1. With the alpha-carbon atoms as the only input, what is the per residue convex hull volume for region A:1-111 in Å³?
2. Going highest first, how would you order B:232-241, B:346-355 by mean Cβ packing within 10 Å?
3. Compute for chains A and B the buried accessible surface, both sides summed, probe 1.4 Å, and express it in Å² to the nearest 100.
4. What are the residues of region A:27-64 that lose 20 Å² or more of accessible area, with a 1.4 Å probe, going from their chain alone to all protein chains?
5. In a shell of Cβ-Cβ distance under 9 Å around residue A:113, excluding residue A:113 itself, what net charge do Lys and Arg (+1) and Asp and Glu (-1) give?
6. If you take each beta carbon of peptide B:260-271 and count the beta carbons of other chains within 10 angstrom, what is the mean?
7. Compute the acute angle (0 to 90°) between the alpha-carbon long axis of helix A:164-174 and the principal axis of greatest extent of the alpha-carbon atoms of chain A; round to the nearest 10°.
8. Tell me the trypsin sites (Lys or Arg not before Pro) within region A:11-66 that lie in a loop according to DSSP and have at most 15 other beta-carbon atoms within 10 Å.
Number of protein chains: 2
Amino acid sequence: MSEVIIAGISQLPVGEYWDRSLRELAVTAIRLALADSGEIQPDALFIGNIHAPVLSDQAHLGALISDYAGLTGIEAVTLESGGASGGAALRMGYLAVASGAADAVLVLGVEKFTDQIGPSVEAATATLTDSDYEAVHGLTPTSQAALVMQRYLHEFDVPHEAFAGFAVTAHENGALNENAMFRSRITAEAYQNASIVCHPLNLLDIAPNADGAAALVLTRPELLPKEALFPQVNIVGSSMANDRLALHDRLDLLSFDAARLSVQQACRQAGIRPGEVDFFELHDAYTIFAALSLEAAGFAEPGQGWKLAREGKIKRDGLIPISTFGGLKARGNPGGAAGVYQAVEAVLQLRGQAGANQVASAQYAMIQCLGGAAATAVTHILKSDSL
Amino acid sequence: MSEVIIAGISQLPVGEYWDRSLRELAVTAIRLALADSGEIQPDALFIGNIHAPVLSDQAHLGALISDYAGLTGIEAVTLESGGASGGAALRMGYLAVASGAADAVLVLGVEKFTDQIGPSVEAATATLTDSDYEAVHGLTPTSQAALVMQRYLHEFDVPHEAFAGFAVTAHENGALNENAMFRSRITAEAYQNASIVCHPLNLLDIAPNADGAAALVLTRPELLPKEALFPQVNIVGSSMANDRLALHDRLDLLSFDAARLSVQQACRQAGIRPGEVDFFELHDAYTIFAALSLEAAGFAEPGQGWKLAREGKIKRDGLIPISTFGGLKARGNPGGAAGVYQAVEAVLQLRGQAGANQVASAQYAMIQCLGGAAATAVTHILKSDSL
């Protein structure tokens, strides 16, 4: 396989765009990413999106968005794997360049929740569970996460307030990120007093669904313009793995097996151990997922992940920084775009362009997005050549 | 890129499965394809599907179907490009094997229309048009095709009955195919007298939406079991291209530019001219699409494609056989599975297993599926090593 680099990035502030359409968000992100790359001409567009067919009555985004971006003729397709859709789009873009089928590709993540309101958004997100056996009984991704968290609290005899550190750290980092939806710091007391949404999950355990668009330009190093300004960021590991979708099918509710497998495979390809990464953009759609992802990646033993948060080891100067721009919790969770935001944020870190959010001397990044309760996990290892 | 072969195929009869779920259709097709391949172990599953999130309230098919197929742990993702979704899944599977990222992959096309009835199906298919500017005015894929046909009849001064040959030939071939939805022959008179659905399209211009599932196993030749029984079928060309989605954005309503481009690119990769293929499985969702696809591929000048049907040149013993198992028209149009059915049918021809539908001495196949009015086109060239 050819070497693949990320040559351009863009992101729109995550939030609620009541006055801008899905296509407008998408095209804006594409133009910014192409500009950042020095106007590389893409051969293909891989789109991570979950909800457009249901919330915007719009399928077939490949043709729609490539048209409006002025890229008629190129290859374009939507990838969907629930919340892991953005990571899936990144992986397909990676394979297209690595195989030699494309010289340069765009990877776009775009999601628009604000085309609908209220119950229809809940119904749309419930399609990410097993519809016939879970959603039919009222299960949604949030109530699924609540069941997982309840089991964790019971199994490991951990109090709910043990998870405060995840929300507090995410908001600390989000407060510095101008693209974050929530830029307010929160305290552990605020976390403990937050309203219950779905027991034991409270409002500050849950990342907000939000609109967003982010894009990447991938190419091979030899095709990069000579005057490229930034340190080169390479994709040195890429893996996607699945677990059983329905919770009742899982062998162990508290083991994110797909996440573990994809970390192992991506690290093997990159030739590093997980412990060698300088930070980890993980899928903290729920605080419990942050803990379980840290455990699956090997940063903590089962039942111990929450301690990394309590001990400050997930802060930007900690043992394993996570959610360095606020994560899904504070930056916002733009559905199928979340995985692309993670990649954009990791590239900013690896280029040394992360400003107030910078992790010192970052050379290796691990990014991972999840679909469902880690029913799908996509993990990438990025490396900067600047150090 | 590595050489890629199709080592296993399966298809379920296309029709209405009121009593079988989407996951059941999918898993059945997967098991049959794996059996046909000699039980190759797949590393990944690429799914072509359009409507499950809307019609079955089920997104995240990758995790659901890999779970139920007993393939937990592998990579699995849904590809969506409207009616071209099956072709897109085949192309991604091809890239995964060609890049070396996977040794063997499953490509699955599955669609289930019968989870809903009536207006909701029309609304679902309308998401394949430009929702904000077309569907909002009542446009559906069928009324879009009607506008294209009306323009063709006007521009080239052709009577509607000139298209009879496409429907008649499709039903002739479908009558011999035990997996076809419609196994009745029809006459040119029946075509002319068929009820108008959306002027000028009548009932026999339009392929029926139907349930179906079909699957392929792709691998590299050196990984094929030694005892493999069938002639080897290679994917020697693969291309995907997009055009403007909305009809009002097209430069020329009667030029399927994405189809032309993808044929040129796929043939260039295969090292052949389009005229060298022995048959052409095209996307005859509407008779007018068959004519325009033949013109885009270079088998007829603009405005002349219908003559190939009238002169019998699209029959199995003609100059360029199309729809050799009945096409979308008579075999049925299983949405995002259609492109995988085309590949299965082409492999049967190239293996010499097409029975009564066999095209004599078939060495090269061209298969092409379209999304919308050729807003997306995916073309593959397959080659048999048996001749």
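The values are calculated or read from the model by the stated rules, or taken from the named source; none is laboratory data. Everything quoted here is computed from the prediction, not taken from an experiment. Counting neighbours? That spans all protein chains shown, and the Cβs are built from the backbone with ideal geometry, glycine included. For accessibility, only protein heavy atoms count, side chains too; no ligands or nucleic acids. Shrake-Rupley method; radii C 1.70, N 1.55, O 1.52, S 1.80 Å.
1. For region A:1-111, the hull spanned by Cα atoms encloses 97 Å³ per residue.
2. B:232-241, B:346-355
3. Rounded to the nearest hundred, the buried surface is 4400 Å².
4. Listed by number, the residues meeting the 20 Å² cut-off are A:53, A:54, A:57, A:58, A:59, A:60, A:63, A:64.
5. -3
6. 1
7. With rounding to tens, the tilt is 30 degrees.
8. A:20
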